[in-house]
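Have a look at the structure below, then the notes.
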Amino acid sequence: MILSVPLSETVLLVLLMRHRLQVLIPSELNAQLSQAAQRSRVSKSEWVRCALEKSLPYEGPSSDPVARLGKLNAPTAGIDQMLAEIVAGRR
């Protein structure tokens with residue numbers, strides 16, 4: 001992701017970032033990271049941030065599994081009715 005924003009917005013963006021993460025990586029991986037960042041025309045830090053965002057699962061506003069299931073709007077019924085429909089579907 002290439003950011004093209006005015007300096008005042010860049011300063012605001014930096015102020016919103018409050019955590020520093022230091023990770024030790026082998027020289028070979030550092031070279032690959034440098035090349036990937038250069039190809040994308042971003043800093044290594046920005047490249048790593050984007051890679052992390054893409055890699056981490058999106059939980060959405062709620063990580064409650066029951067709430068997520070409810071949002072599927074799938075057909076629901078009592079257990080007896082569902083079992084009867086399953087058996088009927090096998091005939």
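Here, each number is a calculation from the coordinates, and none is a lab measurement. The model shown is predicted, which means the values in this text are computed figures rather than measured ones. Cβ atoms come from the backbone with ideal geometry, glycine included; neighbour counts cover every protein chain shown.
Below, the figures for the structure above:
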{"quantity": "P(r) histogram, all alpha-carbon pairs of segment 24-90 included - 10 Å bins from 0, percent", "calculated": "16, 24, 16, 16, 12, 15, 1"}
{"quantity": "HN-Hα J in Hz across segment 78-91 - Karplus 6.51, -1.76, 1.60, θ = phi - 60°, x for Gly and Pro", "calculated": "x, 4, 4, 5, 5, 5, 5, 5, 5, 4, 4, x, 7, 7"}
{"quantity": "Total charge dipole magnitude, segment 24-90, about the Cα centre, Cβ charges on Lys, Arg, Asp, Glu only, Debye to nearest 20", "calculated": "360"}
